[in-house]
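Here's the structure, in structure tokens; my notes come after.
The values are calculated or read from the model by the stated rules, or taken from the named source; none is laboratory data. Just so it is clear, the model here is predicted, and its values are computed rather than measured. Neighbour counts run over all protein chains shown; Cβ positions are idealised from the backbone, glycine included.
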Amino acid sequence: MKKLSLEEKEFIKENIEANTTKLLLQPQIENIDIKLCVRQIEGYRKAIEKFPSLIESENIIFPKKINLEQTSSEQTAKYKASLFPAESTLRDLTSGFGIDDIFFAKKIKKVYYHEIDIELAEVALSNFETLNLNNIEVIKGNSLNNISNLEETDIIYIDPSRRNENQKKVFLLEDCQPYVVDLIPKLFEKTKTIALKLSPMLEIKSLLNELINIKEIHTISVKNECKELFVILEKGFNEEIKYHCIDFDSNNKLIKFSFNNATISPNIANKNDIKRESFLYEPNASVMKAGGYHVISEYFPIKKIASRSHLFVSEQKIDNFPGRTFIITTLFPYNHKNIKTLSERFPKANITIRNFPQMVAEIRKRTGIKDGGDDYLFFTTNSENEKIIIACEKLS
């Protein structure tokens, strides 16, 4: 693999803020591989956002842009690494750029990196050496064709490619490569634990229908945007699944809510529970993804506005609620009269719908309310099937 020369490193520093399209169009410069340098500039920009600790070393090499798209963020990689004992050995059969392996290696005893793309494996190997990660062994080639020849490890990790043969993005298990459902029996001959990183677009119900021996499902969000499903399978496991809802807030604080998959009927609020100066709670994206809105009222002193309206109310202020907290300032029915005059009171507001027949864009068009400001309007349906508007101020 070609290493960056001193001239190329200097070119990258000088052009780190430059327009990369224009850089590619400029005449060739002696001793400068412009395509390689542009790749490093684009990788550096992605790293600032997703894995900033890597750019502390100027010798980190970045792969092609497409190889960075599915890469874990530093936050999610660290979290996944924290789930396994320090004495573990882990075999990653779809390693790619190797971000997850870097953070696994910082936490556990031994990591085996497998990658079919030889150039990508060379990039990863160079970076592991730069980072002095001597407990990662790099194996080049398609190890999925030789599972029977692999040595046993404590964990096998797979992050299936979410692009098809036409390079279009996919997320269903049957469309991703490799198709992990078919591999599971073979993999359990080589390990007791299988860990899968899957698309956040995949429905939990689909996982439950297709995968066996699921022990844990982790829904991982960053700044209230679901980024990953992390699923742990254990050989022979057939007990209740544990769900872990993880969100890293804007201050990188980890907020966690865990529950079992037992079916619980939520505590439903009556219409009189929804009132001024009460608190309104909206679960974060990781809780919503895991279906935690079914059980969360068993863990906090809250009531659900209606069975299909995934908002909650309480007279108590809850400091550790996994989601957003508001205080209700006013409440009124959704009708023609109120809609007609709504923009006079709220010329600008943040609008959210929950179990409501109209979309946000439709409501804005009808009311004339602009986006933004300090007011929050929730359009929803209460337990008596009445359409209501809840005006709030955000607390956290």
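Things worth noting here:
- When residues in region 146-155 are screened for being part of a loop (DSSP other than H, G, I, E, B) and of a type outside the set (Val, Ile, Thr), 4 of them pass.
- Of the residues making up region 194-214, those that are under 13 Å from the mean Cα position of the chain (by Cα) and touching a residue at least 40 places away in the same chain (Cβ under 8 Å) are Lys197, Pro200.
- Tally of residues being surrounded by fewer than 16 Cβ atoms within 10 Å (Cβ to Cβ), among the β-branched types (Val, Ile, Thr) and within 18 Å of Ser57 (Cα to Cα) across region 8-39: 1
- Residues within region 177-193 that are within 16 Å of Asp92 (Cβ to Cβ) and assigned to a loop (DSSP other than H, G, I, E, B), tallied: 3
- Residue check for Ser95: under 30 Å from Lys256 (Cα atoms) and touching a strand residue (DSSP E or B) at 6+ places or on another chain (Cβ under 7 Å): yes
- Total residues in region 357-367, condition surrounded by 12 or more Cβ atoms within 10 Å (Cβ to Cβ) and either within 17 Å of Arg276 (Cα to Cα) or over 30 Å from the mean Cα position of the chain (by Cα) (or both): 2
- Checked against the criteria, Lys190 does not count as within 16 Å of the chain's Cα centre (by Cα), modelled with pLDDT of 95 or more and among the basic types (Lys, Arg).
- For region 1-31, the set of residues classified as touching a residue at least 60 places away in the same chain (Cβ under 8 Å) and of a type in the set (Lys, Arg) consists of Lys3 only.
- Of all the residues in region 96-123, those that are without any contact (Cβ under 8 Å) to a residue 60 or more places away in the chain and either closer than 22 Å to Ser57 by Cα or in contact with a Phe, Trp or Tyr (Cβ under 7 Å, 6 or more places away or on another chain) (or both) number 15.
- Selection from region 304-356 of residues that are basic (Lys, Arg) and either in a loop (DSSP other than H, G, I, E, B) or surrounded by fewer than 21 Cβ atoms within 10 Å (Cβ to Cβ) (or both): Arg308, Lys317, Arg324, Lys337, Lys340, Arg345, Lys348, Arg354
Per-residue answers, yes or no, for (1) modelled with pLDDT under 85; (2) exposed (fewer than 13 other Cβ atoms within 10 Å of the Cβ); (3) hydrophobic (A, V, I, L, M, F, W, C); (4) more than 22 Å from Phe188 (Cα to Cα):
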residue: Phe128; (1), (2), (3), (4): no, no, yes, yes
residue: Asn132; (1), (2), (3), (4): no, yes, no, yes
residue: Ile139; (1), (2), (3), (4): no, no, yes, no
residue: Asn149; (1), (2), (3), (4): no, yes, no, no
residue: Thr153; (1), (2), (3), (4): no, no, no, no
residue: Ile156; (1), (2), (3), (4): no, no, yes, no
residue: Glu165; (1), (2), (3), (4): yes, yes, no, yes
residue: Lys168; (1), (2), (3), (4): yes, yes, no, yes
residue: Leu173; (1), (2), (3), (4): yes, no, yes, no
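- Of residues in region 215-255 being part of a strand (DSSP E or B) and exposed (fewer than 14 other Cβ atoms within 10 Å of the Cβ), the one farthest from the chain's Cα centre (by Cα): Leu254
- Ser57 passes every criterion in (1) touching a helix residue (DSSP H, G or I) at 6+ places or on another chain (Cβ under 6 Å); (2) surrounded by 15 or more Cβ atoms within 10 Å (Cβ to Cβ) apart from (2).
- Any hit, region 40-52, residues being within 30 Å of Thr191 (Cβ to Cβ), in contact (Cβ under 8 Å) with a residue 60 or more places away in the chain and crowded, with 18+ Cβ neighbours inside 10 Å: no
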